[in-house]
Every structure is written in C-alpha cells, then in structure tokens.
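Quick notes on the structure that follows.
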Amino acid sequence: MPKNQPTLSWEQIRNYTEKWSWIDARTGKTRTGFNPPANAKQKQQVPYYVRYITSNGEVEEGEVITLKVFNEVRQRMIRFTASGEIRRIRDYLIIEVDGVRFQTH
C-alpha cells in the first residue's frame, strides 16, 4: 500500500523555502524562522532539498538555498549547496520540497 504524502498548493512554497537559522542574543539558543532579529548572531539560511522541472522539461533535484525571490513572475533564484551553481526556477514547476509534494495544477 503506498504511503500517503501530504500535498500543498505551490502558492504556499514560501513557508518551506525561506527559513533562517540564528543564535538568539537573549537566550543563546539556536532559533529557526522567517525574520531573524537585527541583534541575532550567526544568521544563515537553512538549506532545503528540492525537486523541480526545468524549462526544458527535465527533472532536477538537490539541496539549495534561496538567494532572491521574484514575486511578480513567481520565480526564485537558488544556489546549489554542493556545486555553488546559481539558477532561476519557477515556483509552479516545483514538485517537492523536503519530502512535501506540491500540487501544480
């Protein structure tokens, strides 16, 4: 029997791709979220695993970090953590982020 995987709309992709990690100045603990405070130490983006379709129709996957988001055209600029290659991908062509599948239709 196949495992039931949750599926979400591609419009909710921001919740999975734009996370930050930092050390809280007040408590000294590591926190994860979307907006790190100005006085936080060791701010860095949290890498995530993505599987998507390229504009040529090929499926590609890897661990990436989001560099920039283009909301008007539903695209984002990503950098692969292993190779350092930078690409632009379309949000509606993303299939899966960290094991969560997205509905693209």
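Consider the stretch 40-78. How many of its residues are at pLDDT 90 or above, among the small types (G, A, S) and either closer than 20 Å to R14 by Cβ or touching a Phe, Trp or Tyr at 6+ places or on another chain (Cβ under 6 Å) (or both)?
Residues that pass the stated criteria total 1.
Just for the stretch 40-71: of the residues that are among the small types (G, A, S) and either over 15 Å from G99 (Cβ atoms) or in contact with a Gly (Cβ under 6 Å, 6 or more places away or on another chain) (or both), which one is surrounded by the fewest Cβ atoms within 10 Å (Cβ to Cβ)? First the steps, then the outcome.
At the first step, the residues of the stretch 40-71 found to be among the small types (G, A, S) are 40, 55, 57, 62.
Right, trim to either over 15 Å from G99 (Cβ atoms) or in contact with a Gly (Cβ under 6 Å, 6 or more places away or on another chain) (or both) and you get 40, 55, 57.
Numbers: A40: 16, S55: 9, G57: 7.
Within the stretch 40-71, the match that is surrounded by the fewest Cβ atoms within 10 Å (Cβ to Cβ) is G57.
Could you grab me the full set of residues in the stretch 12-53 that are of a type in the set (F, W, Y), farther than 21 Å from I95 by Cβ and part of a strand (DSSP E or B)? Give the steps one after another, and end with the answer.
Taking the stretch 12-53 first, the residues of a type in the set (F, W, Y) are 16, 20, 22, 34, 48-49, 52.
Cutting the leftovers down to farther than 21 Å from I95 by Cβ gives us 20, 22, 34.
Within the stretch 12-53, W20, W22 qualify.
Name the single residue that is farthest from E61 (Cα to Cα) among those in the stretch 79-96 being surrounded by 15 or more Cβ atoms within 10 Å (Cβ to Cβ) and of a type in the set (D, E).
Step by step, filter the stretch 79-96, then rank; the result is D91.
The values are calculated or read from the model by the stated rules, or taken from the named source; none is laboratory data. Keep in mind that this is a model prediction, so the values were computed, not measured. So basically every Cβ, Gly included, is an ideal-geometry build from the backbone, and we count neighbours across all protein chains shown.
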